[in-house]
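Asker: Just passing along the structure, written as structure tokens.
The values are calculated or read from the model by the stated rules, or taken from the named source; none is laboratory data. This is a predicted model, so every value here is computed, not measured. Methodologically, a virtual Cβ is constructed for each residue, glycine included, from the backbone with ideal geometry; neighbour enumeration extends over all protein chains shown.
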Amino acid sequence: MKLIQKNRIRVALLAASFFMLSCKHELPGSIISGGDSSSGGGSTTVPTQTSNCSADTVYFVNEIQPIVNSSCAMSGCHDAVTRAEGVELTSYAKIIRYVSPFNTSGSKLYTVSIKTNNDRMPPAPMAALTSLQLSKISKWINQGAYNNQCSGGCDTTNFTYSGAVLILNDTYCKGCHNPASLGGGIDLSSYASLKVQAANGKYLGSIKHSTGFFAMPKGGSKLSDCQIRQVEKWIQAGMQNN
């Protein structure tokens, strides 16, 4: 009887070990270091890491989530309603399912973005992610793909188009406002088209969440006061392509 009991225990332990290993392989790279358990399939909740901005670090909340919101988690694609191909990219807990921390080449979030065929995301005719956006995603993954954010990294003395406004626009706006996806019938894919919206007051009114304007970025957090001030100063200086 004792031998039978020992064998049963041994079999049970082996079965449990196999189950645990098989679960780990179902979602490779789904290490949750932040987000909330309600949207991450019951994953352990770990507070978002917050720090002062460092030029050597890419931050999820400040840089990666806005890129994904603008270029992927849109209506008709990977938002909470459409969930194209069963994929939703509306939170850290959901995005990390397609990321293998410290391994860019093993992270679907990155590899599908650099494809040159019909499998590329965002799909044609939408514009591909810029080299700067791809670089940020790659660096964030290779740094551990943490659910981190920072404060204090904005500088209002920098308000040129190329140094501030273009980067903000590409990160937060362009993905929803381009010829292939004209959100609200507004194109923000080029300097000329952005200047039109800046000149008529709609661009600034929207990012400031002013009364009578559609609050932008849609579905995302309001830009920081510093970022809004950068845009405001660029407009006041004549909206130059500098």
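Asker: On the basis of being modelled with pLDDT of 90 or more, loosely packed, with under 15 Cβ neighbours inside 10 Å, in the same structural domain as residue 229 (by TED's automatic domain parsing) and among the small types (Gly, Ala, Ser), does residue 215 make the cut? Spell out the reasoning first.
Answerer: Numbers: modelled with pLDDT of 90 or more: yes; loosely packed, with under 15 Cβ neighbours inside 10 Å: yes; in the same structural domain as residue 229 (by TED's automatic domain parsing): yes; among the small types (Gly, Ala, Ser): yes.
Against the criterion (modelled with pLDDT of 90 or more, loosely packed, with under 15 Cβ neighbours inside 10 Å, in the same structural domain as residue 229 (by TED's automatic domain parsing) and among the small types (Gly, Ala, Ser)), residue 215 qualifies.
Asker: Does residue 197 meet the test of being at pLDDT below 95 and within 25 Å of the chain's Cα centre (by Cα)?
Answerer: no
Asker: Can you tell me which residue is surrounded by the most Cβ atoms within 10 Å (Cβ to Cβ) among those in the range 124-147 that are in a loop (DSSP other than H, G, I, E, B) and out of contact with any Ser or Thr (no Cβ under 8 Å at 6 or more places or on another chain)?
Answerer: 130
Yes/no per residue for (1) of a type outside the set (Val, Ile, Thr); (2) closer than 20 Å to residue 225 by Cβ; (3) touching a His at 6+ places or on another chain (Cβ under 6 Å); (4) in the same structural domain as residue 65 (by TED's automatic domain parsing):
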site: 146; (1), (2), (3), (4): yes, no, no, yes
site: 164; (1), (2), (3), (4): yes, yes, no, no
site: 167; (1), (2), (3), (4): no, yes, no, no
site: 172; (1), (2), (3), (4): yes, yes, no, no
site: 185; (1), (2), (3), (4): yes, no, no, no
site: 189; (1), (2), (3), (4): yes, no, no, no
site: 193; (1), (2), (3), (4): yes, no, no, no
site: 198; (1), (2), (3), (4): yes, yes, no, no
site: 205; (1), (2), (3), (4): yes, yes, no, no
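Asker: Can you say whether residue 233 is outside any loop (DSSP other than H, G, I, E, B), of a type in the set (D, E, K, R) and surrounded by fewer than 17 Cβ atoms within 10 Å (Cβ to Cβ), as far as the supplied structure shows?
Answerer: yes
Asker: What do you reckon, is residue 151 at pLDDT below 90, of a type in the set (Gly, Ala, Ser) and under 17 Å from residue 65 (Cα atoms)?
Answerer: yes
Asker: Restricting attention to the range 110-123, which residues are of a type outside the set (Lys, Arg) and either surrounded by 12 or more Cβ atoms within 10 Å (Cβ to Cβ) or in the same structural domain as residue 175 (by TED's automatic domain parsing) (or both)?
Answerer: 110, 111, 112, 113, 114, 121, 122, 123
Asker: Also: For residue 195, indicate whether it is surrounded by 15 or more Cβ atoms within 10 Å (Cβ to Cβ), in a loop (DSSP other than H, G, I, E, B) and touching a residue at least 40 places away in the same chain (Cβ under 8 Å).
Answerer: no
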